[in-house]
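Novice: Got a structure here, written out as C-alpha cells. Questions coming.
The values are calculated or read from the model by the stated rules, or taken from the named source; none is laboratory data. Remember, it's a predicted structure, so these values are computed and weren't measured experimentally. Positions of Cβ are generated from backbone atoms using ideal geometry, with glycine treated the same way; all protein chains shown enter the neighbour counts. Each accessible area value is taken on the protein alone, full model and side chains, heavy atoms only, with ligands, DNA and RNA left out. Shrake-Rupley method; radii C 1.70, N 1.55, O 1.52, S 1.80 Å.
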Amino acid sequence: MSEAKRLAGEKAIEYVEDGMVVGVGTGSTVAYFIEALGRIKDRIAGAVSSSEQSTKRLKELGIEVLDANAAGPLKLYVDGADECDPHKRLIKGGGAALTREKIIAEASETFVCIIDPAKQVPVLGKFPLPVEVIPMARSLVARRILELTGGQPVWRDGVVTDNGNWILDVHNLRITDPVKMESELNQIPGVVSVGLFARRPADIVIVGGQPPQVL
Ligand code: 5RP
C-alpha cells in the first residue's frame, strides 16, 4: 500500500472533532483513515459507513457503526477518489461503493477527500466512470450511455454491489462538463447512481505526500 495514501489518510484525522459521528468512505486510502480513527475511538460518538468492507473494519476496531437514518446530518465525511479535477470534482466507485458514498457525501457538511498524487487530473474521464445499475436495466443503460456520451460501457462482470446491483464502467470519456453529464446519466431509467461527484464535489482535498498538501 502506498505511503502517499497513508499520509493522506492520517492527515484527515485533524478534521475529526470530539463527539462527532464521522462519515467513512471505502477503499485502500480510507483504510488508513479507519486505522487512525481506531486510535482516537474514545473521542468520537461513532461512524456512518459507506460499505460492508468499511463497516467490518470499523467494528473490529470497536467503533460503533450507526444507521444513516438515525444519525441524520453529518459534520464530516472522509473518503478517497479515483480521479480529482482542479475544481475538486471527482470520479468515484472503483470499489463499487459509489451509491452509499454519494448518500453520505450529500448528508455531510464537509467532505474531505483523501488521495495520492496520481489521482489528480486536469479533466475527468481517463479512469472508467462507474455507474451502478439495476440488473434488469444493464443493457438498456449501456445503450443509452453509448448514445449520450460516446463512451464504451463495460459490465464489471462478477461484481455485485452492497445494494444487490451491478456496475458498468464507462471507458474513453473526456468529461468537460461533469455536472451536466452527472445529471444526464442520472435520468436514465435503471441507473441507481453515477460515480461523478460534481454537483456535490469535495470541499477539501488532501493529497498525500511529505508533507501532505491541503487544497
Ligand atoms: C470506492 C471508491 C474509492 O474511494 C476509490 O475507488 C479510491 O480507492 P483507493 O483509495 O483504494 O485508491 O470510490 O467506491
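Novice: Using 7 Å Cα-to-Cβ label points, what is the ASP42/SER183 separation (nm, one decimal)?
Specialist: 5.0 nm
Novice: Restricting to the chain, what percent of DSSP beta bridges are antiparallel, rounded to 5?
Specialist: 50 percent
Novice: Of all the accessible heavy-atom surface of the chain, with the other protein chains kept in place and a 1.4 Å probe, what percent is carbon and sulfur?
Specialist: With neighbouring chains kept in place, the figure for the chain is 52 percent.
Novice: Where does the charge balance sit around HIS171 when Lys and Arg score +1, Asp and Glu -1, over other residues with C-beta under 12 Å from its C-beta?
Specialist: +2
Novice: Still on this structure, I have one more. Report, in whole Å, the centroid distance computed from the Cα atoms of the stretch 186-214 and the stretch 1-47.
Specialist: 17 Å
Novice: Once the Cα gyration tensor of the stretch 73-140 is diagonalised, what are the square roots of 5 times its eigenvalues, in whole Å and ordered largest first, as equivalent ellipsoid semi-axes? Please list the in-between numbers first.
Specialist: Values: eigenvalues 91, 66, 15 Å².
After diagonalising the Cα gyration tensor, the semi-axes are 21, 18, 9 Å.
Novice: Right, something else. Can you report the principal axis dimensions of the chain using only the alpha carbons, biggest first, rounded to whole angstrom?
Specialist: Each principal axis gives a Cα extent; for the chain these are 51, 35, 29 Å.
Novice: If you roll a 1.4 Å probe over the heavy atoms of the protein chains, what accessible area per residue do you get for the stretch 45-91, in Å²?
Specialist: 45 Å²
Novice: Let me ask something else about it. Could you work out how far the C-alpha centroid of the stretch 67-102 sits from that of the stretch 117-179, in angstrom?
Specialist: 16 Å
Novice: How would the stretch 31-132 be classified by its alpha-carbon gyration tensor: rounded, prolate or oblate, with rounded meaning a/c under 1.5 and the a/b versus b/c comparison settling the rest?
Specialist: prolate
Novice: Now for a different question. Ranked from highest to lowest mean number of other Cβ atoms within 10 Å per residue, what is the order of the peptides 39-47, 73-81?
Specialist: Going from most to least packed, we get 73-81, 39-47.
Novice: Let me know the shape class of the stretch 8-85, please: from the alpha-carbon gyration tensor, a ≥ b ≥ c as square roots of the eigenvalues, rounded when a/c is under 1.5, otherwise prolate if a/b is greater than b/c, or oblate.
Specialist: Numbers: a/c = 1.32, a/b = 1.25, b/c = 1.05.
Note, shape of the stretch 8-85 comes out rounded.
Novice: Now for a different question. Less than 10 Å Cβ to Cβ from ILE44, Lys/Arg counted +1 and Asp/Glu -1: what total charge do the surrounding residues give?
Specialist: Charge balance in the 10 Å sphere: -2.
Novice: Any idea what the dipole of the chain comes to, in debye rounded to 20, about its Cα centre with Lys/Arg Cβ at +1 and Asp/Glu Cβ at -1?
Specialist: Numbers: 25 positive and 28 negative charges, 72 e Å.
The dipole magnitude comes to about 340 debye.
Novice: Let me ask another. Lys/Arg Cβ at +1, Asp/Glu Cβ at -1, dipole of the chain taken about the Cα centre: which of GLY9, ILE175, THR99 is farthest positive-ward?
Specialist: It is ILE175, whose Cα lies furthest towards the positive end.
Novice: Still on this structure, I have one more. Project the alpha carbons of the stretch 129-195 onto their principal axes and report the range along each, largest first, in whole Å.
Specialist: So the extents along the principal axes, rounded to whole Å, are 31, 19, 18.
Novice: Hey, could you pull the Cα Rg and Dmax for the stretch 41-95, both in Å?
Specialist: So, for the stretch 41-95, Rg and Dmax equal 13.3, 37 Å respectively.
Novice: Under 18 Å from the Cα of LYS119, which lysines turn up, not counting those fewer than eight places away in the same chain?
Specialist: LYS5, LYS11, LYS88, LYS92
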